[in-house]
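Read through the structure below, which is laid out as structure tokens, and then see the notes.
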Amino acid sequence: MLEQFASDNYSGICPEVMAYLDQANSGYARAYGEDEWTQRATDSFRDIFEIDCEVFFVFNGTAANSLALGTLCRSYHSIVCHEVAHVETDECGAPELFTHGSKLLLGKGANGKLTPESIIEIVTKRSDLHYPKPKAISLTQSTELGTLYSPEELRRIRTVADRYQLKLHMDGARFSNAVAAMDVSPAEITWHAGIDVLCFGGTKIGMALGEAILFFDKGLAADFDYHCKQAGQVASKMRYLSAQFLGLLETGIWLKNAKHANDCAAYLETQLAQLPEINIMFPRQANAVFAEMPPLLIEALHKQGWHFYTFIGVGGARLMCSWNTTYERMDEFIADVKKALVGLER
């Protein structure tokens with residue numbers, strides 16, 4: 001299949017990660033995370049985030065988010081998230097399952113971002129015994145609409161969280177894209193801003209699979225290894241998860257890959273914005289472009305073999321760039337868009 005814009009999950013393994021996997025595949029290593037690769041990977045995360053955090057590796061983002069929230073909440077608690085957050089729209093109820101029933105309370109906010117005001121409105125709506133007690137806030141960075149929470153926005157949300165004794169979880173499936181876009185240190189938009197636990201995605205920036213869960217508040221990680229084991233998320237050959245993260249972190253390719261994807265999305269946005277029939281729907285801040293297109297144009301592009309998603313409730317087409325997106329392929333897409341538009345005018 002030629003390169004597509006449906007998802008950065010469509011991309012393969014980047015060469016640096018593959019090289020580290022090949023190294024890890026030589027000889028024998030201790031199982032269940034007791035290997036040198038896992039130790040090096042956890043130390044690398046501590047170096048990059050400038051803090052002695054607890055680090056765990058799981059297979060995917062749904063498990064990471066759900067298990068992290070599961071350690072923050074009990075069944076009678078609730079979690080505040082944006083109405084288009086991934087934990088609400090695309091995880092098949094897994095957060096509710098692994099919290100044993102914690103309710104997701106949905107907030108609004110422009111461009112896919114919760115605001116302090118929206119959080120306050122939700123957590124002060126009721127305080128009686130018959131309503132699930134708010135316990136955590138889940139933020140997505142970058143958001144499902146391709147936008148970013150600035151350090152100042154995060155600190156303002158932390159102030160609200162402190163006022164109502166809430167924990168802060170960050171879904172960082174595209175965290176690397178956020179760091180690259182804002183040119184900040186990872187610490188600045190996590191624990192410096194009050195984030196308690198981060199789910200750091202690797203799949204979308206060049207890994208085959210894997211997610212890291214970083215507890216900046218180490219007290220929250222008590223017995224979390226048991227939580228992962230019970231959920232079937234402890235890899236026996238853990239080195240194959242850890243080595244992939246090392247391939248990203250030790251080489252610095254995690255940021256280079258993210259910056260490339262962001263730059264490609266910026267180029268795609270610029271080209272599409274020149275076409276009067278297309279409207280850019282949200283600020284393009286990371287590696288996603290949301291474009292409102294005529295329905296017949298979307299249909300024509302799909303018939304030509306282009307793959308991209310349209311979203312119920314949001315509308316438009318989401319065009320996602322990845323670590324290996326090429327300018328040549330983007331130009332081919334733009335050319336087909338222009339041809340299709342000419343055809344629609346006839």
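The values are calculated or read from the model by the stated rules, or taken from the named source; none is laboratory data. This is a predicted model, so every value here is computed, not measured. In this analysis, Cβ positions are derived from the backbone assuming ideal geometry, glycine residues included, and neighbour counts consider all displayed protein chains.
Which members of segment 144-166 meet the condition of being of a type outside the set (Phe, Trp, Tyr) and part of a loop (DSSP other than H, G, I, E, B)? Walk me through it before giving the result.
Step one: filter segment 144-166 for residues of a type outside the set (Phe, Trp, Tyr), giving 144-148, 150-163, 165-166.
Correct list: Glu144, Leu145, Gly146, Thr147, Leu148, Ser150, Gln165, Leu166.
Note on segment 191-227: residues that are crowded, with 22+ Cβ neighbours inside 10 Å and either at pLDDT below 95 or β-branched (Val, Ile, Thr) (or both) total 4. For segment 63-84, a tally of residues being out of contact with any Leu (no Cβ under 8 Å at 6 or more places or on another chain) and not aromatic (Phe, Trp, Tyr) returns 11.
With Ala31, Ala6 as the choices, which residue is over 21 Å from the mean Cα position of the chain (by Cα), surrounded by fewer than 16 Cβ atoms within 10 Å (Cβ to Cβ) and in a loop (DSSP other than H, G, I, E, B)?
Working: Ala6 fails: over 21 Å from the mean Cα position of the chain (by Cα).
Step by step, each of Ala31, Ala6 is checked, and only Ala31 is over 21 Å from the mean Cα position of the chain (by Cα), surrounded by fewer than 16 Cβ atoms within 10 Å (Cβ to Cβ) and in a loop (DSSP other than H, G, I, E, B).
The residue that is surrounded by the most Cβ atoms within 10 Å (Cβ to Cβ), among those in segment 34-48 that are farther than 14 Å from Ala243 by Cβ and of a type in the set (D, E, K, R), is Arg46.
For segment 49-83, a residue qualifies if it is surrounded by fewer than 20 Cβ atoms within 10 Å (Cβ to Cβ) and more than 17 Å from Ala136 (Cβ to Cβ), and the qualifying residues are Glu50, Ile51, Asp52, Phe59, Asn60.
The set of residues in segment 257-279 being without any contact (Cβ under 8 Å) to a residue 12 or more places away in the chain and farther than 19 Å from Glu328 by Cα consists of Pro276 alone.
In the set Asp22, Asp47, Asp43, only one residue is assigned to a helix (DSSP H, G or I), out of contact with any helix residue (DSSP H, G or I) (no Cβ under 8 Å at 6 or more places or on another chain) and more than 28 Å from Ser185 (Cβ to Cβ); that residue is Asp22. Per the conditions (1) modelled with pLDDT of 95 or more; (2) basic (Lys, Arg); (3) not in a helix (DSSP H, G or I), the sole criterion not satisfied by Lys125 is (1). Please enumerate the residues belonging to segment 241-252 that are surrounded by fewer than 20 Cβ atoms within 10 Å (Cβ to Cβ), of a type outside the set (S, T, N, Q) and touching a residue at least 12 places away in the same chain (Cβ under 8 Å). Listed by number, the list holds a single entry, Glu250. So for segment 289-312 (the condition being buried (at least 22 other Cβ atoms within 10 Å of the Cβ), in contact (Cβ under 8 Å) with a residue 24 or more places away in the chain, touching a helix residue (DSSP H, G or I) at 6+ places or on another chain (Cβ under 9 Å) and closer than 23 Å to Asp90 by Cα), does at least one residue qualify? Yes, there is a match, as at least one residue in segment 289-312 is buried (at least 22 other Cβ atoms within 10 Å of the Cβ), in contact (Cβ under 8 Å) with a residue 24 or more places away in the chain, touching a helix residue (DSSP H, G or I) at 6+ places or on another chain (Cβ under 9 Å) and closer than 23 Å to Asp90 by Cα. I'm checking my understanding of the structure. Among residues of segment 317-346 that are surrounded by 20 or more Cβ atoms within 10 Å (Cβ to Cβ) and of a type in the set (Gly, Ala, Ser), which one is nearest to Lys204 (Cα to Cα)? The qualifying residue nearest to Lys204 (Cα to Cα) is Ser322.
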